[in-house]
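Nothing in this text is a laboratory measurement; each read-out follows from the coordinates by a stated rule. Bear in mind the structure is a predicted one, so any value in this text is a computation, not a measurement.
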Amino acid sequence: MPYPPPSRALPGPRRRTLLASAAGAALLAGCSPASDDPDGGTGGSPSLAERARARAARDSEGLVGRYDAVLAAHPALEGLVAPLRAEAARHVEAFGGGASGASASASPSASPSGSGSPSPSASAPVPAVPSDERDALAELAAAERTLADQRAKTLLEMPGELARLLASVAAAGAAHAFLLTEGAK
């Protein structure tokens, strides 16, 4: 009696095994401690990361200034705006508040970490707040969305921890934009 024809499966690893191995290798490569590498593993030098961190802190300070201006012009919006402003102030702290970056790119008029006081960045004057509450919320949402998009693009060039921090803060900014947009309805 002849043997049955061989099955279509060839000896060796299956396609799923190879794909899982490749995905695992990619994850391990992506999780390498890029912050230990002076070049950041992606061409980002420590000075680039420090500049990005200082800029992110200044941008968050400017956003806190926008929130403060809206709260001053529209105190009735405090229930919606105050918690989001507090989060933006925590983002300033997370990025070092400009005080930790002693480089030339750090803001000379940075607010002390954790103060939460209204201190818009000197490089970004706060625009006038619209007299209509909906328009004020829409402008805040647009500012949050723009900053979240900018951070999402920047994180691709940053090493490890800073990239994760930028991703987290960008996601929070997108959520803030959504909440502000919903509050404006």
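Things worth noting here:
- Taken one residue at a time, the phi angles of region 166-179 give Karplus couplings (6.51, -1.76, 1.60, θ = phi - 60°) of 4, 5, 5, 5, 5, 5, 5, x, 5, 5, 4, 4, 4, 4 Hz. Gly and Pro are set to x.
- Evaluating 6.51 cos²θ - 1.76 cosθ + 1.60 at θ = phi - 60° for every residue in region 129-136, the Karplus couplings come out as 8, x, 6, 8, 4, 4, 5, 5 Hz, glycine and proline recorded as x.
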